[in-house]
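A.B. asks: Have a look at this one.
The values are calculated or read from the model by the stated rules, or taken from the named source; none is laboratory data. Everything numeric in this text was worked out from a predicted model, so none of it was measured. Virtual Cβ from ideal backbone geometry, glycine too; neighbours counted across all protein chains shown. Please note that ligands, DNA and RNA were not included when accessible areas were found on the heavy atoms of the full protein model with its side chains. Shrake-Rupley method; radii C 1.70, N 1.55, O 1.52, S 1.80 Å.
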Amino acid sequence: MDYEMRAEYAEGSSPGEQDPQLEVWHITRVGEAMGLCGRDLLPSAVTQSSDAWGTPAGQPLCHSCGALYLHQVR
Ligand SMILES: [Zn+2]
């Protein structure tokens, strides 16, 4: 199973904006728009490789997703 990270935006920000404000990164299965924590995310939200997990690029990270992800991959 492959995972990626998908952004949740701050209230009032959307992916279509020039410089949307990132709220937190969630972990999703590749191609899905729902975080492991159950949070619905925008299909148009930016994603990045799960390789960013645990690096500055992956911060801030949803705590629920972080914990669930650890259980999935180890
Ligand atoms: Zn999450």
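A.B. asks: Please go through segment 1-38 and pick out each residue that is farther than 19 Å from ALA57 by Cβ, under 12 Å from the mean Cα position of the chain (by Cα) and of a type in the set (D, E, K, R).
C.D. replies: Those that are farther than 19 Å from ALA57 by Cβ, under 12 Å from the mean Cα position of the chain (by Cα) and of a type in the set (D, E, K, R): ARG29, GLU32.
A.B. asks: Output the residue which, of all residues in segment 54-71 that are under 17 Å from GLU23 (Cβ atoms) and within 13 Å of the ligand (Cβ to nearest atom), is surrounded by the most Cβ atoms within 10 Å (Cβ to Cβ).
C.D. replies: CYS65
A.B. asks: Output the residues belonging to segment 26-42 that are farther than 13 Å from LEU68 by Cβ and within 16 Å of the ligand (Cβ to nearest atom).
C.D. replies: Scanning segment 26-42 gives VAL30, GLU32, ALA33, ASP40, LEU41, LEU42.
A.B. asks: Any idea which residue in segment 25-48 is least open to solvent (accessible area, probe 1.4 Å), counting only those that are among the small types (Gly, Ala, Ser) and in contact with a helix residue (DSSP H, G or I) (Cβ under 9 Å, 6 or more places away or on another chain)?
C.D. replies: Of segment 25-48, the ones among the small types (Gly, Ala, Ser) are 31, 33, 35, 38, 44-45.
Next, only the ones that are in contact with a helix residue (DSSP H, G or I) (Cβ under 9 Å, 6 or more places away or on another chain) stay: 35, 38.
Details: GLY35: 5, GLY38: 42 Å².
Among those that are among the small types (Gly, Ala, Ser) and in contact with a helix residue (DSSP H, G or I) (Cβ under 9 Å, 6 or more places away or on another chain), it is GLY35.
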